[in-house]
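Enquirer: I have a structure I would like to understand better, so I am pasting it below and will then ask my questions one at a time.
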Amino acid sequence: MYLTIPNFLSLLRILAIPVFAICFWYGQLVFAFILFALAGVTDLLDGFIARRFNQASALGAFLDPMADKLLMTVAFVLLCIPGSHLSITIPFWVAILAITRDVIIGFFALLSSSGFDPTRFRPSILGKITAGAELVVISLVLLCNAVGSTTRVDLLFPYAFHVVAYLVIASGLHYFIRASSSPRAHNRA
């Protein structure tokens with residue numbers, strides 16, 4: 001097995017997570033925002049390159065979602081803890097919903113067959129919309145905290161948090177229904 005460009009980008013995203021967390025924790029919110037935004041770009045790039053240049057692999061099917069889930073989980077946890085350097089936080093209940101959904105999907109993916117079968121848990125369009133919404137909302141919260149935003153944009157965050165929560169619930173239910181309705185013969189193949 002060799003390391004493809006998409007796999008390398010996923011590994012870079014995983015390696016960026018502790019750096020992102022350290023920057024955030026020590027109040028370097030501009031750097032944290034830049035790292036998070038770059039991680040989002042690498043997520044788009046690795047999927048595009050894998051499809052366009054036929055570099056999809058079993059390792060990539062495991063690394064890409066793991067990198068995404070780890071990054072989002074760390075960001076949700078850090079942004080829901082009220083801190084002296086945060087003017088805007090993500091509500092705890094939104095973070096719990098998002099993290100719980102990812103944990104449940106990962107748990108069912110591992111238990112769904114004798115081994116990990118990434119084809120059963122391919123992202124749906126609803127899952128991609130949810131991930132995109134989470135990425136945008138987290139990026140905006142980071143950016144507003146980094147620049148010290150006190151504009152009317154802050155008034156939109158409660159609505160954005162609710163949209164993310166609804167998408168998390170809907171996509172979680174969709175994944176569960178989709179996985180439970182696939183034929184058992186597919187599991188054994």
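Every number here is computed from the coordinates shown, using simple stated rules; none is lab data. This structure is a prediction, so every number in the text was calculated from the model and none was measured. All Cβ positions, glycine included, derive from the backbone under ideal geometry; neighbour counts span all protein chains shown.
Enquirer: Which angle between 0 and 90 degrees, to the nearest 10, do you get for helix 29-52 versus the longest principal axis of the chain when only C-alpha atoms count?
Expert: In the chain, helix 29-52 runs at an angle near 20 degrees to the longest axis.
Enquirer: For helix 58-80, report the angle its Cα long axis makes with the longest principal axis of the Cα atoms of the chain; keep it between 0 and 90° and round to the nearest 10°.
Expert: 30 degrees
Enquirer: Based only on other Cβ atoms within 10 Å, what is the fewest-to-most ordering of 2, 166?
Expert: Fewest to most other Cβ atoms nearby, the residues stand as 2, 166.
Enquirer: Next up: Output the 0 to 90 degree angle, nearest 10, between the alpha-carbon long axis of helix 5-25 and the longest principal axis computed from the alpha carbons of the chain.
Expert: 30 degrees
Enquirer: Okay, next question. Could you work out which residue, out of 147, 137, 74, moves most in a Gaussian network model of the chain, that is, has the largest mean-square fluctuation with Cα springs under 10 Å?
Expert: Sorting by GNM fluctuation, first place goes to 147.
Enquirer: Turning to a different aspect of this structure: Using the Cα centre as the reference, give the magnitude of the dipole from point charges on the C-beta atoms of the chain (Lys, Arg: +1; Asp, Glu: -1; all else neutral), rounded to the nearest 20 debye.
Expert: 520 debye
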